């Protein structure tokens, strides 16, 4: 592939993710897996009669850019490897370039530690038995919401409640039940 052709493909990919609607489509396919045309429209809250042309334009743009592909048998759309890579790069840009100051977490030992999203992933995997990939998605969503709240510091119970809320929203209550703590925390008893 010539460098000119690669550059044009790169420009096409950047144009594809420059639209909020197209980025929403990519994120839905990342979060939920394969989706049909109708499922995507419904999740975007678009009207089949009013928005079909606009939606088809955006979906076609993503297909041409090689970010999305269609399964001929199931007639469902899914992310390509390039589509996944683009979302990962966008997330990295968001984390590194747009991330505000470090967020602190007050621990049960009354110290402040820097927030670490990996601790949420570990907790979901160990305590709830959640698969790693799913745990990473829930942890990233938790981090986004906590950063958006802009609190001076976080607490472990607050983080746990946000995680529980996300698990309920995503219909993952079996994992929430495993995370639920009953009774007083150990440090409050001693």
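Readers should treat all values here as calculations from the given coordinates under stated rules, not as data from a laboratory. As the structure is a computational prediction, the values presented were derived from the model and not from experiment. We place every Cβ from the backbone using ideal geometry, glycine too, and count neighbours over all the protein chains shown.
Subtract the Cα-Cα distance of residue 70 and residue 36 from 0.36 nm times their separation in residues, and report this length gain in nm to one decimal.
Result: 11.3 nm gained on full extension.
Answer with a single label: of [x] 18.0, 63; [y] 20.1, 69; [z] 18.4, 55, which was calculated as Rg and Dmax of the Cα atoms in Å from the structure in view?
Derived directly from the coordinates: [y].
If R0 is 41 Å, what FRET efficiency do you get for residue 125 and residue 47 from their C-beta distance, rounded to 0.05?
0.50
By per-residue mean of other Cβ atoms within 10 Å, what is the highest-first order of 124-135, 106-117?
Final packing ranking: 124-135, 106-117.
When only Cα pairs under 8 Å and 6 or more residues apart are kept, what is the percent relative contact order across the chain?
In percent, rounded to a whole number, it is 15.
Label segment 100-189 by shape, choosing from rounded, prolate and oblate, from the square roots a ≥ b ≥ c of the eigenvalues of the Cα gyration tensor; if a/c is under 1.5 it is rounded, and otherwise prolate applies when a/b is larger than b/c, oblate when it is not. Show your work: numbers first, answer last.
On the way: a/c = 1.79, a/b = 1.16, b/c = 1.55.
Here segment 100-189 falls in the oblate category.
Using square roots of five times the C-alpha gyration tensor eigenvalues, list the equivalent-ellipsoid semi-axes of segment 3-82 in whole Å, biggest first. Don't skip to the answer; put the middle values down first.
Values: eigenvalues 96, 41, 23 Å².
Largest first, segment 3-82 gives 22, 14, 11 Å.
Rounded, prolate or oblate: which one fits segment 16-60, using the alpha carbon gyration tensor with axes a ≥ b ≥ c (rounded when a/c is under 1.5, else prolate when a/b beats b/c, else oblate)? Provide the component values of the computation, followed by the final result.
Details: a/c = 1.94, a/b = 1.18, b/c = 1.65.
Cα axes put segment 16-60 in the oblate bin.
Before anything else, pin down the relative contact order of segment 3-82: Cα pairs under 8 Å, at least 6 apart, normalised by residue count, whole percent.
Here the relative contact order equals 34 percent.
Rounded to the nearest 5, what % of DSSP beta bridges with both residues in the chain are antiparallel?
75 percent
Ranked highest first by the average count of other Cβ atoms within 10 Å around their residues, in what order do 43-50, 170-177 fall?
Taking the mean over residues of other Cβ atoms within 10 Å, the ranking is 170-177, 43-50.
Once label points are set 7 Å from the Cα along Cα→Cβ at both residue 160 and residue 80, what is their separation, rounded to one decimal in nm?
Result for the modelled spin labels: 4.5 nm.
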